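Chemist: Shown below is the structure under consideration.
Since every read-out is calculated from the coordinates, none of them should be taken as a lab result. Worth saying up front: this structure is predicted, and the values here are computed from it rather than measured. Note: ideal-geometry Cβ built from the backbone for every residue, glycine included; neighbour counts use all protein chains shown.
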Amino acid sequence: MYIESLRTKAQDIPYMRHMGRRPLIDVRQLRDLAAVWPRFHADRMDYTAFSVPKAAKQRLSRIVRYQLTRSRWEHPVQGEKYVLFPLHYQPEAATSVRAPFFMDQCALVENIARALPVGYRLYVKEHSARIGSRPLRDIARLRAIPSVRLIDPYANTSALLANAQCVTAITSTMGWEALLLGIPVVVFGEVFYGHCDGVHVAGAPRDYPALLRRALSAPAPARAVEEFVAALLRVTFPGHIGHPYYLPDVLSDDNIEHIADFLKTTCLQPARGMTALQP
């Protein structure tokens, strides 16, 4: 049921409601800018808070880059065989911690493009929370690679995944989504689903051509994916954690109750020779 629900309906990623909005000047984003001042002065140790001038400068820079680059995005070509690569948000632990040797994403895209079998294109999709933040030289570098299409960040992700022959990712959850759809996945960083059959973990760049050929000829086995998901569900619990500025739902009554129930059933269980903690 879990796998089927992910396959049949588009997933709502909570933090993308905030971070994935187009960089434009509108009422909502002006309201966000107005909220910067109290956040910045309420907690100077909050690394996610900026001063008003810095936040305004960052926002204007993103808007200008967005307008300069939007005409360079492409759309999928019907009938074209492609491997999908989602660009990752940076700086973030997903690359800085779990994949420190792949922080130059342009270089990795170049290596993947060189390793593709004849007849395949590499579709590179920008992270929608990163639009307008990536240097213009990086956009030019990606567009200069002959086999690469720089896909519109707002293109339908579900359709892109459904038609991809393979997904290559550093640590992106798009690799996890592809695995659940039965699409072969190549990963370059450390991911929680890396040990599931159907996931190919990359080694040295010289091995990329053979690795991609192997991945393209081997769809993810449905039974192995089901067993992996079953194991995952056994060791997890409902709920989510994160910064409440980006994920306000973490402070909802339901989410707090989920986390409290988990703590009650695990941390408060008496260990051998000990008594349970009293509330």
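Chemist: Mind giving me the FRET efficiency for residue 2 and residue 144? R0 is 45 Å, r the Cβ-Cβ distance, nearest 0.05 is fine.
Modeler: Values: r = 42 Å, r/R0 = 0.93.
Between residue 2 and residue 144 the formula returns 0.60.
Chemist: Among the helices of the chain (complete DSSP H runs), which have Cα atoms covering no less than 24 Å along the helix axis and a Kyte-Doolittle mean of at least -0.5?
Modeler: Within the chain the helices that satisfy the rule are 52-69.
Chemist: First check a/c for the chain, with a ≥ b ≥ c the square roots of the eigenvalues of its C-alpha gyration tensor; if it is under 1.5, answer rounded, and if not, answer prolate when a/b is larger than b/c or oblate otherwise.
Modeler: It is oblate, given that a/c is not under 1.5 and a/b is not larger than b/c.
Chemist: Using a/c under 1.5 as the rounded threshold, could you call the range 38-116 rounded, prolate or oblate? The axes a ≥ b ≥ c are square roots of the C-alpha gyration tensor eigenvalues, and prolate needs a/b larger than b/c, oblate otherwise.
Modeler: Oblate shape, in that a/c is at least 1.5 and b/c is the bigger or equal ratio.
Chemist: So what is the relative contact order of the range 126-251, in percent, for Cα pairs below 8 Å that sit 6 or more residues apart?
Modeler: 15
Chemist: Rg and Dmax of the range 1-139 over Cα atoms: what are they, in angstrom?
Modeler: 18.2, 56
Chemist: Continuing with the same structure: Rank by packing, highest mean first: peptides 189-199, 173-183, 39-49, with packing defined as the count of other Cβ atoms within 10 Å averaged across residues.
Modeler: Working: 189-199: 17.2, 173-183: 20.9, 39-49: 11.2.
Going by the mean number of other Cβ atoms within 10 Å, highest first, we get 173-183, 189-199, 39-49.
Chemist: Right, here's the next one. What per residue convex hull volume, in Å³, do the alpha-carbon atoms of the range 139-234 yield?
Modeler: Spelled out: Cα convex hull of the range 139-234, divided by residues, is 115 Å³.
Chemist: Calculate, for residue 136 and residue 213, the FRET efficiency according to 1/(1 + (r/R0)^6) with r their C-beta to C-beta distance and R0 25 Å; round to the nearest 0.05.
Modeler: With a Förster radius of 25 Å, E is 0.15.
Chemist: Right, another one. Can you work out the PRE-style zone for residue 114? Point 7 Å along Cα to Cβ, and I want the residues of the range 145-182 with backbone N under 17 Å.
Modeler: Residues passing the 17 Å test: 145-148.
Chemist: Label points 7 Å out from Cα along the Cβ direction at residue 25 and residue 64: separation in nm?
Modeler: 1.3
Chemist: Using label points projected 7 Å from each Cα along Cα→Cβ, tell me how many nm separate residue 54 and residue 159, to one decimal.
Modeler: For the pair residue 54/residue 159, the computed spacing is 4.0 nm.
Chemist: Here is a follow-up. Once both labels are modelled 7 Å past Cα along the beta-carbon direction, what's the residue 97-residue 77 spacing in nm?
Modeler: About 4.1 nm separates the two model spin labels.
Chemist: Under a cut-off of 18 Å between alpha-carbon atoms, report the aspartates and glutamates in cross-link reach of residue 57, not counting same-chain residues fewer than 8 places apart.
Modeler: 26, 32
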